[in-house]
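Below: the structure, in structure tokens.
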Amino acid sequence: DDVNAGPPLRARIEPSQRLTDLVTKNIGPAMSAAMGRKFDGAAFPESCVEPLIRLSVASLLVEWLPQSSMITGLVMSGFGRNQALPAVYSFKFVGAFGGILKTRRAISCRPKPHVEPVIFHSYAQDQLIRAFVYGAIPEYEYHVRQATTEYLNRILHDVIEVVAETDKKLAQKVADIVDPVPRLAPYLGLSMAREERANEVFQTLWPALDSANADVLAAH
């Protein structure tokens, strides 16, 4: 199979009136209960019940997984028959819905000589991998962002107060302009640093791994 091809949508169960009746009976109370946990006393809008029923029935009939949900995963990596290079497959599972396990293939790839001889994919407990590739673990980046944001907030607040002593309207304009700076500047700086570090890592590993690529050596 082509490791880059996504799984096709295909029917898993046949539509029926029994299925529609089951979803109709349970979807309203289930959604009202879910909303009640967030909004006390709220009921699911009647106008939304019918569209949600159609969506629920359709999702039961095909392999489907929402883009954002509570998920778990499974990662497999190894060599296939007559393969000199390993492949990696990553699957995401949202759990059983209507008695069907909902899953989606998230990653499917293998190293390619001269194109992508190095592949990094990190999963749970990936601090050491992130530190190696990007130069810092997430906790360190978090503290850097927090400290930088707080410092910029203090400095810009002082600047705005000085301007306000002579021109309050100008101070408000300055405040509006610089408002996103304390939040965005640390992210931009860290993003550039991560990209620079990752480029350095790949530029170092790429020639070594590409020259020793099994497919390349097998051709000689």
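Among Arg183, Arg154, Arg145, which is of a type in the set (D, E, K, R) and closer than 30 Å to Ile119 by Cα? It would help to see each step written out before you state the result.
Values: Arg183 fails: closer than 30 Å to Ile119 by Cα; Arg154 fails: closer than 30 Å to Ile119 by Cα.
Being of a type in the set (D, E, K, R) and closer than 30 Å to Ile119 by Cα holds for just one of Arg183, Arg154, Arg145, which is Arg145.
What pairs come up if the first residue lies in the stretch 174-198 and is without any contact (Cβ under 8 Å) to a residue 24 or more places away in the chain, the second is open to solvent by 60 Å² or more (accessible area, probe 1.4 Å) and in a helix (DSSP H, G or I), and their beta carbons are under 9 Å apart, counting only those six or more places apart or on different chains?
Matching pairs, first to second residue: Val174/Val159; Ala175/His157; Val178/Val159; Glu195/Tyr134.
List every residue pair whose Cβ atoms sit under 6 Å apart, with the two residues 6 or more apart in sequence or on different chains, where the first one lies in the stretch 113-138 and is at pLDDT 75 or above and the second, anywhere, is open to solvent by 70 Å² or more (accessible area, probe 1.4 Å) and of a type in the set (Lys, Arg).
Tyr134/Arg197; Gly135/Arg197
Please go through the stretch 83-112 and give me each residue that is modelled with pLDDT under 75 and under 30 Å from Val23 (Cβ atoms), ordered by number.
Val94, Gly95, Ala96, Phe97, Gly98, Gly99, Ile100, Leu101, Lys102, Thr103, Arg104
Just the residues that are part of a helix (DSSP H, G or I), over 30 Å from Tyr134 (Cβ atoms) and open to solvent by 50 Å² or more (accessible area, probe 1.4 Å), please, taken from the stretch 144-191.
Answer for the stretch 144-191, where residues must be part of a helix (DSSP H, G or I), over 30 Å from Tyr134 (Cβ atoms) and open to solvent by 50 Å² or more (accessible area, probe 1.4 Å): His157, Asp158, Val159, Glu161, Val162, Lys168, Lys169, Leu170, Gln172, Lys173, Asp176, Ile177.
Taking only the stretch 118-128 into account, find how many residues are surrounded by 13 or more Cβ atoms within 10 Å (Cβ to Cβ) and more than 17 Å from the chain's Cα centre (by Cα).
Counting residues in the stretch 118-128 that are surrounded by 13 or more Cβ atoms within 10 Å (Cβ to Cβ) and more than 17 Å from the chain's Cα centre (by Cα) gives 2.
When the stretch 130-143 is examined, which residues are found to be in a helix (DSSP H, G or I) and not aromatic (Phe, Trp, Tyr)?
Of the residues in the stretch 130-143, the ones in a helix (DSSP H, G or I) are 130-134, 138-143.
Selection gives Arg130, Ala131, Val133, Pro138, Glu139, Glu141, His143.
Does Glu63 satisfy being within 29 Å of the chain's Cα centre (by Cα) and modelled with pLDDT under 70? I'd like the intermediate steps shown before the answer.
On the way: within 29 Å of the chain's Cα centre (by Cα): yes; modelled with pLDDT under 70: yes.
When the stated conditions are applied, Glu63 passes them.
The values are calculated or read from the model by the stated rules, or taken from the named source; none is laboratory data. All figures in this text were calculated on a predicted structure; none of them were measured in a lab. In this analysis, Cβ positions are derived from the backbone assuming ideal geometry, glycine residues included, and neighbour counts consider all displayed protein chains. With ligands, DNA and RNA removed, areas are computed over all heavy atoms of the protein, side chains included. Shrake-Rupley method; radii C 1.70, N 1.55, O 1.52, S 1.80 Å.
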